[in-house]
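Have a look at the structure below before the remarks.
The values are calculated or read from the model by the stated rules, or taken from the named source; none is laboratory data. Computed from a predicted model, the values in this text were never measured in an experiment. When we count neighbours, we look across all protein chains shown, and the Cβ atoms used for this are built from the backbone with ideal geometry, even at glycine.
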Amino acid sequence: MRFKKYSLSILVIGLLLISANVTAQGSLTCSAKKSCSANEIDVFHMYQLNDSHAELSNQSNYQWRICCSGVQGLNNISQGVRFKDYDIVLRLFNQTNSHVQENTESGYPYEVYISVDSGGVEVKCNYTSTDSCSIFGPEYTCLATIYDKNNSHVADCDGVDDFPIKVCCKVEADVTPPDFNITEPSREWTNTKIFYVNWTVSDNYGITCSNVLWSDDSTVPWKNKDWKFITRGSLSTECTSLDSILFGPDEPIEVKDGVTYYFTGNATDWTGNTGEWIEPVNTTIDTVFPEVYVNTTDQFGREIIGGWVKADVTLVNITTMATDNISGVEKNILHWWLTQNNQYTYGSEDCGSAPSWGGWSNCSKEFSYDEDTVIKYQIETIDRAGNVNKTRFMFTTTHPLANFVIHDLAMQLGSSVLLKVQVRNIQTVPDNITISLDSTFVPAKPTFEDVGTGDYEIQADGSVLQVRNINPMEERDFFVRVYTSEIGEYTINITASSNAAAPYLTDTDSLKVIVGYPPSFPGLSEWAVSLIIILSCIIYFQVNRLGTGDT
């Protein structure tokens, strides 16, 4: 009769309950008794201690009860209530007089389970054929033994006539507080007076609420600061379910440059574990742009003012100096665009960082200089908060209006090329610049190509370029098309005039072009020459033969 089934249908559940405001503590212990004491839970019943059928705990047909205790806060509740932290001890086919099966099996509709309602308590039941439930851990205890994992009788755990499979369960309280972390602000320096304070919380069993505090007190250790909850309108970070809140510009306080704001927090989980206040994160406000100074001199130490270089200049030195009174200079970059030696190149140099609260970053760059050199440059300074100060473009040039990029060009007969012309305004007001083009080319005259930027117009069959509304320290690129029809040496000239300068400003530049034949024909290899001679002879004799009438 060991494996006979009986048909009954009612669900009764044995529960372990820990009230919501009490944390489960201690170790679960269980034993078979004829009655459970007040501090024990009646999990299920057996007819006898060995080789027995089972019934659920609300039945009264069997005298032996599996009673469990040892965990603070255990009590009984009405059947049918199952909280989120639970596990099934055994499955029963019927309400009473029933065979049992393991919780991983299916087909038996009635569940005997251990359940707690406080949250944060791990409830787990496993099965083993070894000598002890401790194989799963020291917190496991034996509730019963069964013969097989399905359609089985049940026995107690007293070591006398036990079945081979032990039913092992644990109820282990969560004593670990939530993991709380402030993710923003994440930078030491912030370049805005309104920003988000963001935080994350993780816990295995759920969070009740979070607390976030702020302070602007930099004079004492963080645990002694005047901490306050963040309030914004109706929102507060006191025991909140929020995970983000705006800070500034006027709530909860007027946010100011140069002030450091500190943030700390913690969280509480469902079992009442509250974490320690975390080490604060902090950020200092800096919305002020760094200061930049530039000094450009020649080889004599004379300052080059307005970008127009004297005729005797052979060396140009550009010095940049930058400072920031709060976060400090992080980068101080000199950018330059150099027209020199028939080339147009870009380069940059980072002068490096400077200490916070007013340190200086500076460096110098020397350029050799001749009449055809144009140096266009700009300083870009970035502080540690991310504020960027870019100077206007500046120039050092003998050509205040226009110039060719290259000044010597060799071309082959029958070819054409586009020549770049740089047009600039180094004055303090917008300008309209007129550029006239003439050359000694005959008969194919160079002309301005309709390729450029901004407001411009090509006039007089391509020989005049009108550039309009060019801003102070702005430079634009235009192109001249050159065709070659005869060999020789030619000159192309441009004359530029300003409509904004006082007195009237003009500028000239020239380009020398040499037009030659393509490289000479390299000739034939020896075998090709031999083949041509042989073919020529064959043709010669064949022609003579036809001429004499031979057949």
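Within region 373-386, identify whether any single residue is surrounded by fewer than 13 Cβ atoms within 10 Å (Cβ to Cβ), of a type outside the set (A, V, I, L, M, F, W, C), more than 32 Å from the chain's Cα centre (by Cα) and modelled with pLDDT of 95 or more, and answer yes or no.
no
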Can you go through 505, 413, 511, 418 and tell me which one is crowded, with 20+ Cβ neighbours inside 10 Å and either of a type outside the set (Val, Ile, Thr) or over 28 Å from residue 377 (Cβ atoms) (or both)?
511
Can you run down the residue pairs with Cβ atoms below 6 Å, 6 or more apart or on separate chains, where the first is in region 245-259 and over 14 Å from residue 235 (Cα atoms) and modelled with pLDDT of 95 or more and the partner is of a type in the set (Gly, Ala, Ser) and assigned to a loop (DSSP other than H, G, I, E, B)?
255/248
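Please specify each residue of region 425-444 satisfying the condition of being closer than 23 Å to residue 312 by Cα and either modelled with pLDDT of 95 or more or of a type in the set (Val, Ile, Thr) (or both).
The first filter runs over region 425-444 and keeps only residues closer than 23 Å to residue 312 by Cα, leaving 425-427.
Scanning region 425-444 gives a single hit, 426.
Scanning region 242-254 for residues that are over 23 Å from residue 221 (Cβ atoms) and over 24 Å from the mean Cα position of the chain (by Cα), which turns out surrounded by the most Cβ atoms within 10 Å (Cβ to Cβ)? Before you say what the answer is, go through the steps one by one.
So in region 242-254, the residues over 23 Å from residue 221 (Cβ atoms) come out as 242-246, 248-251, 254.
Restricting the remaining residues to those that are over 24 Å from the mean Cα position of the chain (by Cα) gives 248-251, 254.
On the way: 248: 20, 249: 14, 250: 10, 251: 16, 254: 10.
In this case the residue turns out to be 248.
Within region 296-328, how many residues turn out to be assigned to a loop (DSSP other than H, G, I, E, B) and crowded, with 19+ Cβ neighbours inside 10 Å?
So the answer is 8.
May I ask you to say which residue of 350, 450, 383, 372 is assigned by TED's automatic domain parsing to the domain that holds residue 322 and under 17 Å from residue 480 (Cβ atoms)?
Selected residue: 372, the only one of 350, 450, 383, 372 that is assigned by TED's automatic domain parsing to the domain that holds residue 322 and under 17 Å from residue 480 (Cβ atoms).
So which strands (runs of 3 or more DSSP E) stay within region 439-484 end to end and still have 3 or more residues that are within 24 Å of residue 515 (Cβ to Cβ)?
Details: elements: 447-449, 455-459, 464-470, 474-483.
Result: 447-449, 474-483.
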Give the residues of region 28-44 that are without any contact (Cβ under 8 Å) to a residue 60 or more places away in the chain and either assigned to a loop (DSSP other than H, G, I, E, B) or over 60 Å from the mean Cα position of the chain (by Cα) (or both), sorted by residue number.
33, 34, 35, 36, 37, 38, 39, 40
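Each row is one residue, and each column tells you yes or no for (1) closer than 30 Å to residue 419 by Cα; (2) within 30 Å of the chain's Cα centre (by Cα).
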{"site": "275", "(1), (2)": "no, yes"}
{"site": "296", "(1), (2)": "yes, no"}
{"site": "321", "(1), (2)": "no, no"}
{"site": "338", "(1), (2)": "yes, no"}
{"site": "342", "(1), (2)": "yes, no"}
{"site": "350", "(1), (2)": "no, yes"}
Checking residue 183 against (1) in contact (Cβ under 8 Å) with a residue 24 or more places away in the chain; (2) β-branched (Val, Ile, Thr); (3) closer than 20 Å to residue 266 by Cβ, which test does it fail?
(1)
Answer residue from region 271-295, given it is in a strand (DSSP E or B) and aliphatic (A, V, I, L, M) and is surrounded by the most Cβ atoms within 10 Å (Cβ to Cβ) among those
285
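Yes or no: region 219-228 includes at least one residue that is in contact (Cβ under 8 Å) with a residue 60 or more places away in the chain and more than 23 Å from residue 286 (Cα to Cα).
Scanning region 219-228, I find no residue that is in contact (Cβ under 8 Å) with a residue 60 or more places away in the chain and more than 23 Å from residue 286 (Cα to Cα), so the answer is no.
Would you point out the residue of region 194-205, among those that are surrounded by fewer than 16 Cβ atoms within 10 Å (Cβ to Cβ) and not in a strand (DSSP E or B), that is modelled with the lowest pLDDT? Don't jump to the end; show me each part of the working.
Of all residues in region 194-205, those surrounded by fewer than 16 Cβ atoms within 10 Å (Cβ to Cβ) come to 194, 196, 200, 202, 204.
Of the ones still in play, those that are also not in a strand (DSSP E or B) are 194, 204.
Values: 194: 98, 204: 78.
Filtering first and then ranking leaves 204.
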